[in-house]
Amino acid sequence: MTSADPRTVVLISGSGTNLQAIIDAVEAGSLNIKLTAVISDQPEAFGLERARAAGIPAIVVNFSKYDNRDDFDSALAETLEQLNPEIVVLAGFMRILPTAIVARYHGQMLNIHPSLLPKYKGLHTYRRVLAAADTFHGTTVHYVIPELDAGPAIIQYRVAIHSDDTENSLASRVQRGEYEIYPLAIDWVASKRVQLQANQVLFDGQPLTEPKLIDEYA
Ligand code: GRF
């Protein structure tokens, strides 16, 4: 890590396995960011323990302690403002952010969503993809825009669905891919290999017409 590495804040709500993959990549030297803080809206999120174990400040903006959504959003915005991140990473953060926060970090905020977007926005993607008898599923890293799970995509990881797959078996294969593509995409953004310009992803300065794709068995 060098002083030029971009200040990065990770927002979580739960177990933080993606956060752990990010921490591991930073420690391994393959992801060049400075992890400034981890913020959770849930005081019990296990990801907070992961942050503390790695020596990263773990901050709780406790959703249930606020009288209304606006007060929570203001507290979150203020916490972020003080940290002054150059990159904001959503890693299992289970709240839809208000437009003001999304706009503030336009081109600097990433999310990972467990589907091959634009398919299966929203929740329960594993259940839905199995019910639809699709042949492929996966996960997508994308820039965040106000519309849910709709921002410009950077990279996808694709797995073939097996006839005996359950939600759990499919999730575990897709999540292995998340731990690969999320640190990679964040590093691209940190190094400015990937940039957002007028809602278009640029890769090495060229428009990315389709997200990069990694296949499970490639
Ligand atoms: C990930 O699978 C991601 O796709 C979704 O939320 C999950 C978070 O898991 N956005 P974890 O907290 O990183 O373990």
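The values are calculated or read from the model by the stated rules, or taken from the named source; none is laboratory data. Note that the structure is a prediction, hence the values are computed from the model and not measured. A quick note on method: Cβ atoms are made from the backbone with ideal geometry, for glycine too, and the neighbour counts reach across all protein chains shown. Surface areas here come from the heavy atoms of the whole protein model, side chains and all, with no ligands, DNA or RNA. Shrake-Rupley method; radii C 1.70, N 1.55, O 1.52, S 1.80 Å.
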Which of the residues belonging to segment 60-72 are over 25 Å from V141 (Cα atoms) and assigned to a loop (DSSP other than H, G, I, E, B)? N62, Y66, D67, N68
Please specify each residue of segment 142-152 satisfying the condition of being open to solvent by less than 40 Å² (accessible area, probe 1.4 Å) and not aliphatic (A, V, I, L, M). H142, Y143, D149, G151, P152
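Which one is surrounded by the fewest Cβ atoms within 10 Å (Cβ to Cβ) among residues in segment 25-44 that are within 17 Å of G92 (Cα to Cα) and touching a Pro at 6+ places or on another chain (Cβ under 8 Å)?
In this case the residue turns out to be A37.
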Looking at L202, L170, L184, can you tell me which residue is assigned to a strand (DSSP E or B) and open to solvent by less than 70 Å² (accessible area, probe 1.4 Å)? L202
Being at negative phi, more than 17 Å from the chain's Cα centre (by Cα), within 14 Å of the ligand (Cβ to nearest atom) and not aromatic (F, W, Y): is that true of E167 here? yes
Considering each residue of segment 86-140, count those that are more than 18 Å from I39 (Cα to Cα), assigned to a strand (DSSP E or B) and in contact (Cβ under 8 Å) with a residue 60 or more places away in the chain, and give that number. 1
Tell me, yes or no, whether segment 36-51 has at least one residue that is away from the ligand (no atom under 15 Å from the Cβ), closer than 18 Å to V141 by Cβ and hydrophobic (A, V, I, L, M, F, W, C). no
Is it the case, given these coordinates, that I155 is within 16 Å of the ligand (Cβ to nearest atom) and open to solvent by less than 80 Å² (accessible area, probe 1.4 Å)? yes
Residue by residue through segment 196-214, note down the ones that are charged (D, E, K, R) and within 18 Å of the chain's Cα centre (by Cα). K212
Just checking, does segment 43-51 include any residue being of a type in the set (D, E), at pLDDT 95 or above and assigned to a helix (DSSP H, G or I)? yes
In the list A21, A75, which residue meets the criterion of being open to solvent by 10 Å² or more (accessible area, probe 1.4 Å), in a helix (DSSP H, G or I), within 13 Å of the ligand (Cβ to nearest atom) and not charged (D, E, K, R)? A21
Could you please find all residues in segment 92-106 being open to solvent by less than 80 Å² (accessible area, probe 1.4 Å) and either within 13 Å of the ligand (Cβ to nearest atom) or not aromatic (F, W, Y) (or both)? G92, F93, R95, L97, P98, A100, I101, V102, A103
